[in-house]
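The values are calculated or read from the model by the stated rules, or taken from the named source; none is laboratory data. The shown structure was predicted, so the numbers you read here are calculated from the model rather than taken from an experiment. Quick reminder, even Gly has a Cβ in these numbers, built from the backbone with ideal geometry, and neighbours come from all protein chains shown.
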Amino acid sequence: MDQVLLTVPDAVYEKAKLKVERSRWAAVKFQKLDRATVTRIVNAVAHAAHAKAQFYADWAVRETGMGVVDHKRQKNEACSRGLVEMYGAEDFVAPRIDAARKIVELPRPAGVIFALIPVTNPVATVYFKTLMALMTRNAIILSPHPGAKAVCADAAAMMAEAAKAAGAPDGVIQVIEEPTIPLIEKLISDERVDLVIATGGPAVVKAAYTSGNPAFGVGPGNAPVLVDDTADLRLAAKRIVASKSFDNSILCTNESTLLAYQTVADALLAAMKSEGAHICTPDEVAKLRKLLFTSQGFNTAMIGKDAAVIAREAGFNAAGAKILVTPVDLVQPEEKLVREKLCPVLAFARVANIDQAIACARSMMRTAGRGHSAAIHSRKETNIMAFAAALPALRVAVNTGCSLGSSGFETHLGPSMTIGTGFSGGSSLSENLTPHHLVQYARIAYNKEAAETFGDFNGVDPLNLPRAQNVALTSVAHNADLDELRRELRKIILEELSAVRAA
């Protein structure tokens, strides 16, 4: 008689599935809370996150080896209290009434959001995605990059405690403490997940889009920045160096290649040098090219490292430098230094006019950066318009650093740690991700004939309908969730008992 072999259950996966089920229960409960309660929860979590901005900035740099502590603190503060100040006046809970069009719009949160967190901007992204989910009454499961899992898990637990203390359902914020690729692939495909938000490398984004669940993903950056002959060179130099050195250039919106009009190029380089840029010699350029780009691609060990450290690894001295500027002759993908570099190394090329600048920028974006970001320093509207119209970039920052300009922290774009790249960049999202993308609306639409009068919906609250209807709906949802949770628990217990007996 053949021996029947029992499969030992994957305890990690079973535990993660319970997190998903707990999130579904929390999402149902959360969507029944009114705006005042949601606002109280959001403010409490933002306050707790802001208070630990410095603590997690230190931890993130220590764990990942990337970036600048003070800059990470600034991002953590911007993505906590700053984010809430930005959207605090907006209502994502109450119905929207458009009497002129005879339409009532009822907010529908996504439900359960599964959020992938990159190693480059770990805590800021945890703050950002969690607070946006709370503003729109969504539950969220955070899945950090393994290289930042400890700091992300602690930050998520801190926010979860603050949310629960303020009245949020237990389980509205959860984290995968031990993420692995096989586990994440299973979870993003779970039918109980309503939306996947993928911030990370191309493989992560592709997995999100092929998961079978709705997803927002982003493409790689590779931003060109143009300085023409009308720019304030001193200001342009200051802004570009500050932007490229911000958190050691690990924001995907950072400047990749600087294109300068020939007539102002030397003066611009001198101004950049006075701001802390090291202008590399041809020999140093060759050494950096060799260090940063290997046969396997970009040298990831250099991501987010200080300029002086990178120079030392390459074999030359640039002590005290904020960024390394590498003059190049060719602005095409064949020149490795004009590709995306998540470190404070900036390629530099001279152009004759706006047409050549556009040709160079389009060329370098052929294989990477499509749909992402660009910047221009100019006082000439025709140049700004021509540059923006011709490039495959969906955000063009003007007279500001690209890192914080395109990501919305130094412009009036939506401040975001997730940058959509649209059709050309292979993304379903063309804007900076904001809370507006995490809630959709059911619409009550009346006959537009003038004789058909529009109802008076002022004061009619879908969260406080006549008691009999509300209780019935709540009971059905509650019982369904409990029944599903009991089935999952019974299944796990039976599998574990079978494994014990087999042993």
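Picking from residues in segment 201-228 that are crowded, with 18+ Cβ neighbours inside 10 Å and assigned to a loop (DSSP other than H, G, I, E, B), the one that is farthest from the chain's Cα centre (by Cα) is Asp228. Glu77 - would you say it is within 20 Å of the chain's Cα centre (by Cα) and more than 25 Å from Val205 (Cβ to Cβ)? Considered against the rule, which asks whether it is within 20 Å of the chain's Cα centre (by Cα) and more than 25 Å from Val205 (Cβ to Cβ), Glu77 comes out as yes. Every listed requirement among (1) buried (at least 23 other Cβ atoms within 10 Å of the Cβ); (2) out of contact with any Ser or Thr (no Cβ under 9 Å at 6 or more places or on another chain) is met by Thr421 save one, (2). Considering only residues in segment 341-361 that are surrounded by fewer than 18 Cβ atoms within 10 Å (Cβ to Cβ) and touching a strand residue (DSSP E or B) at 6+ places or on another chain (Cβ under 9 Å), the one that is nearest to Thr281 (Cα to Cα) turns out to be Ala352. Among residues of segment 349-366 being outside any helix (DSSP H, G or I) and either under 18 Å from Arg395 (Cα atoms) or acidic (Asp, Glu) (or both), the one that is modelled with the highest pLDDT is Met365.
For residues in segment 318-348 being in a loop (DSSP other than H, G, I, E, B) and basic (Lys, Arg), which is nearest to the chain's Cα centre (by Cα)? Lay out the reasoning, then the answer.
First, the residues of segment 318-348 that are in a loop (DSSP other than H, G, I, E, B): 318-322, 328-335, 339-344.
Still in the running and basic (Lys, Arg): 322, 339, 341.
On the way: Lys322: 25, Arg339: 21, Lys341: 18 Å.
Restricting to residues being in a loop (DSSP other than H, G, I, E, B) and basic (Lys, Arg), the top hit is Lys341.
Would you confirm, using the coordinates I've provided, whether Lys186 is within 30 Å of Ala352 (Cα to Cα) and either of a type in the set (D, E, K, R) or outside any helix (DSSP H, G or I) (or both)? No; evaluated as a whole, the condition is false for this residue. Considering (1) touching a helix residue (DSSP H, G or I) at 6+ places or on another chain (Cβ under 7 Å); (2) surrounded by fewer than 22 Cβ atoms within 10 Å (Cβ to Cβ); (3) more than 13 Å from Met159 (Cα to Cα), the lone condition that Asn121 does not fulfil carries the number (2).
Identify all residues within segment 161-201 that are polar (S, T, N, Q) and touching a Ser or Thr at 6+ places or on another chain (Cβ under 9 Å); write none if there are none.
Matches in segment 161-201: Gln174, Ser189, Thr199.
If I filter segment 100-118 for residues that are among the aromatic types (Phe, Trp, Tyr), surrounded by fewer than 22 Cβ atoms within 10 Å (Cβ to Cβ) and within 23 Å of Val439 (Cβ to Cβ), do I get at least one hit? Within segment 100-118, none of the residues are among the aromatic types (Phe, Trp, Tyr), surrounded by fewer than 22 Cβ atoms within 10 Å (Cβ to Cβ) and within 23 Å of Val439 (Cβ to Cβ).
The residue that is farthest from Ala349 (Cα to Cα), counting only those in segment 226-248 that are in contact (Cβ under 8 Å) with a residue 60 or more places away in the chain and touching an Asp or Glu at 6+ places or on another chain (Cβ under 8 Å), is Asn248.
Of the residues making up segment 189-200, those that are of a type in the set (Val, Ile, Thr) and part of a loop (DSSP other than H, G, I, E, B) are Val193, Thr199.
In segment 263-286, the residues that are basic (Lys, Arg) and surrounded by fewer than 20 Cβ atoms within 10 Å (Cβ to Cβ) form Cβ pairs under 8 Å with partners that are modelled with pLDDT of 95 or more and assigned to a strand (DSSP E or B), at six or more places apart or across chains, as follows: Lys273/Ile279. Note on segment 70-175: enclosed helices (runs of 4 or more DSSP H) holding 3 or more residues that are among the small types (Gly, Ala, Ser) and more than 22 Å from Val196 (Cβ to Cβ) are 149-165.
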